Amino acid sequence: MNRHCLAAGNISGYGRQMSTPVLMSAAEVVLPCADLDATVDFFTERLGFRLDIIMPADDPTIAVLSGHGMGIRLVRDAAGDPGALRFSGEGLDEAQLTAPNGTRIQLVDSAVPPLQIPDGPSVFELSRPDGDAGGVGRAGMLYRDLLPQRQGGRFIASHILIPDGGPVPDYVHHHRVRFQVIYCAAGWVRVVYEDQGPPFVLQAGDCVLQPPGIRHRVLEASPGLEIVEIGCPAEHETSVEHVITLPTPDVRPDRDFGGQLFVRHQSASASWREWRRPGFECRDAGIAAATDGLAGVRVVRATGEPAVEPVTHDGEFQFWYVLAGQATLHCDGRGDESLQKGAAVAVPAGTPHRLRDPSSDLEFLEVTLPA
């Protein structure tokens, strides 16, 4: 049974316990009002509701109205806040109205506006693990913010932890984003994606590109699962999918989602090559090609003595998350910063910087925009 149906025995107050499951068939919003006639006129004439019930006939105190997929019960001289209602529709003239009973009415155009990317500055950010597992987020997962300033609202980076493992109380959903990548830092997680075949397991070191709008679901995790998630913009909509079920019957690895392709990068079969700086090598996740150059994702590891000359970049975003080992980051104007496992840093464009004294086991995740 759908978990939102009321199970047997959960409803009382009518002199008996319900002995059979109850399925709700209708719902009403109850609103107080002082002038019943004026409020009914407003909802029917201004907002297009239909009057269904009025009672008692000789001195009405209750009116029941319906419209726009909802019901409203107006109760004269009842206590309580008159509340607020939000109505949406394509081509609707946006406005803020107030009904005679004080209910705030918001009218909004439901046409999907372009995705808004905040015009925030690129700033230096450095965070280190402090022992706090993070706050509880969606589906009971623990979230630690790796970029507390969120680059002025342009980017979010999260360390996501599922300590106990087991089935994850997730649901099919999708995100309205410009870019989003998921990297498995420890443990494993079983996931399923729209048009990408049956569920599969992301192992430590694997990552996926979640293109805009792709339906997906987290199914099961190992104890101690750690995920690093990077997205743009920092605040974005997560929509629950009520129609499509996963897995979908078709497998379409070449399907375009908002100008991007789905990518599943598996570390076990990846090859390594020189990084852009001496003393390091990297494995590329293939996300540059899938996003037409919008973003690049790599895992970098130390191989020898790094170059001593500082470098700069002219990109929108450069993010590092230390997966293992340690190193020292030197940024002009800031001095030396120790980077150890769990540290995250964003270095803004035009800032001279270099890595030095890397441990032999240094390994870090790099995400850059553009690729």
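Bear in mind these aren't lab numbers, they're just calculated from the coordinates by the rules spelled out. Note that the structure is predicted; figures quoted are calculated from it, not measured. Glycine gets a Cβ as well: all are built from the backbone with ideal geometry, and neighbour counts include every protein chain shown.
Just subtract the alpha-carbon distance of Leu219 and Glu337 from 0.36 nm times their residue separation and send over the number in nm, one decimal.
38.7 nm
Once the principal axes of the Cα atoms of segment 28-109 are found, what is the range along each, listed largest first in whole angstroms?
Cα extents, longest axis first: 41, 23, 19 Å.
Length gain on complete extension for the stretch Asp93 to Val123, per 0.36 nm per residue less the alpha carbon to alpha carbon distance?
6.9 nm
With label points built 7 Å along Cα→Cβ from the Cα atoms of Val311 and Asp164, find their separation and express it in nm.
About 4.5 nm separates the two model spin labels.
In whole Å, what is the distance between the alpha-carbon centres of segment 75-122 and segment 311-371?
44 Å
Just rank Leu362, Leu369, fewest to most, by other beta-carbon atoms within 10 angstrom.
Leu369, Leu362
Within segment 345-371, find all residues whose amide N lies under 17 Å from a label point positioned 7 Å from the Cα of His330 along Cα-to-beta-carbon.
Residues 351-359 qualify, since their backbone N sits under 17 Å from the label point.
Would you mind ranking His175, His159, His68 so that the residue whose beta carbon has the fewest other beta carbons within 10 Å leads the list?
Neighbour counts put them in this order, fewest first: His68, His175, His159.
According to the square roots a ≥ b ≥ c of the eigenvalues of the Cα gyration tensor, what is the shape class of segment 126-262, taking rounded for a/c under 1.5, prolate for a/b larger than b/c otherwise, and oblate for the remainder?
Taking the square roots of the gyration eigenvalues as a ≥ b ≥ c, segment 126-262 is oblate.
Can you list the residues, at least 5 places off or on another chain, whose amide H is less than 5 Å from the amide H of Asp195, using H built in the peptide plane?
So Asp195 has HN proximity to Thr248.
Give me the one-decimal Kirkwood hydrodynamic radius in Å for the chain, with the sum taken over alpha-carbon pairs.
Here the Kirkwood hydrodynamic radius works out to 24.4 Å.
Rounded to the nearest 500, what is the 222 nm mean residue ellipticity of the chain from helices alone, with -39500 (n - 2.57) per DSSP H run of 4+ residues and division by all residues?
Mean residue ellipticity, 222 nm, calculated: -500 deg cm²/dmol.
So for the pair Ser25, Val201, with labels modelled 7 Å out along Cα→Cβ, what separation do we get in nm?
Placing both labels 7 Å beyond Cα along the Cβ direction yields 4.9 nm.
Arrange Val168, Val228 by Cβ neighbour counts within 10 Å, fewest through most, would you?
Val168, Val228
Taking only C-alpha pairs under 8 Å that are 6+ residues apart, what is the relative contact order of the chain in percent?
RCO, the chain: 11 percent.
Taking 7 Å along the Cα-to-C-beta vector as the label spot, tell me the Asp35-Ser269 distance in nanometres, rounded to one decimal.
Computed distance between label sites Asp35 and Ser269 equals 7.2 nm.
So what's the Cα pair-distance distribution over segment 46-172, bin width 5 Å, in %?
Cα pair-distance distribution for segment 46-172, in percent: 2, 7, 11, 11, 9, 9, 10, 11, 11, 8, 5, 3, 1, 0, 0.
With a Förster radius of 25 Å, plug the Cβ-Cβ distance of Glu237 and Gln149 into 1/(1 + (r/R0)^6) and report the FRET value to the nearest 0.05.
Efficiency, from the Cβ-Cβ distance: 0.70.
Can you run phi through the Karplus equation (6.51, -1.76, 1.60; θ = phi - 60°) for segment 185-194 and list ³J(HN,Hα) in whole Hz, with x for Gly and Pro?
8, 7, x, 8, 9, 9, 9, 9, 10, 4
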